[in-house]
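Please read the structure below before turning to the comments.
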Amino acid sequence: MGLDCIVSLEKTSSDVVVRYARALQNSMGSQMETLYKLMGGRTEVLEFVVKPDCPLIDIPLRELRTKKNILLAGIIRGRKTIIPAGEDRILPSDRVIITAAGHRINDLAEIV
């Protein structure tokens with residue numbers, strides 16, 4: 001047929017609506033800023049803004065036992081991007097990026 005790619009308007013539209021609805025639902029009382037779905041919706045990439053009352057603050061990451069299939073992928077502190085290592089800590093106002101496969105995370109504290 002000479003086609004390289006087929007775009008489904010129905011699938012694309014439903015993905016946008018679901019992403020918007022989930023982000024809207026999660027924004028109520030949550031610090032989630034951004035949500036992306038990958039791999040056909042099986043994996044989510046989420047960005048959280050850390051509030052002062054987050055129970056994960058100032059704990060070395062090596063001590064956090066995250067749930068299976070959850071990865072703390074990055075920390076953004078001001079203008080600095082941190083690729084997390086064991087000695088790094090989450091601080092108030094950080095932006096934390098996580099990936100979650102098989103989990104529906106609504107709050108950063110739910111990763112442990």
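The values are calculated or read from the model by the stated rules, or taken from the named source; none is laboratory data. Just so you know, these numbers come straight off a predicted model, no measurement behind them. Note that each Cβ is placed from the backbone with ideal geometry, even for glycine, and that neighbours are counted across all protein chains shown.
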Test set (1) in a loop (DSSP other than H, G, I, E, B); (2) of a type outside the set (Lys, Arg); (3) modelled with pLDDT of 95 or more; (4) closer than 23 Å to TYR36 by Cβ - ILE75 fails condition number
(1)
Restricted to the range 37-56 and to residues being in a strand (DSSP E or B) and touching a strand residue (DSSP E or B) at 6+ places or on another chain (Cβ under 6 Å), the residue surrounded by the fewest Cβ atoms within 10 Å (Cβ to Cβ) is LYS37
Please identify the pairs in which a residue from the range 86-112 that is more than 18 Å from LYS67 (Cα to Cα) has its Cβ atom under 6 Å from the Cβ atom of a residue that is assigned to a loop (DSSP other than H, G, I, E, B) and hydrophobic (A, V, I, L, M, F, W, C), counting only partners at least 6 apart or on another chain.
PRO92/VAL50; ASP94/VAL50
Of all residues in the range 66-105 being under 14 Å from GLU44 (Cβ atoms) and among the small types (Gly, Ala, Ser), the one that is surrounded by the fewest Cβ atoms within 10 Å (Cβ to Cβ):
GLY102
Please count how many residues of the range 94-104 are under 21 Å from PRO60 (Cβ atoms) and in a loop (DSSP other than H, G, I, E, B).
1
Counted residues in the range 57-82 being touching a residue at least 12 places away in the same chain (Cβ under 8 Å), under 12 Å from VAL96 (Cβ atoms) and not charged (D, E, K, R) come to 11
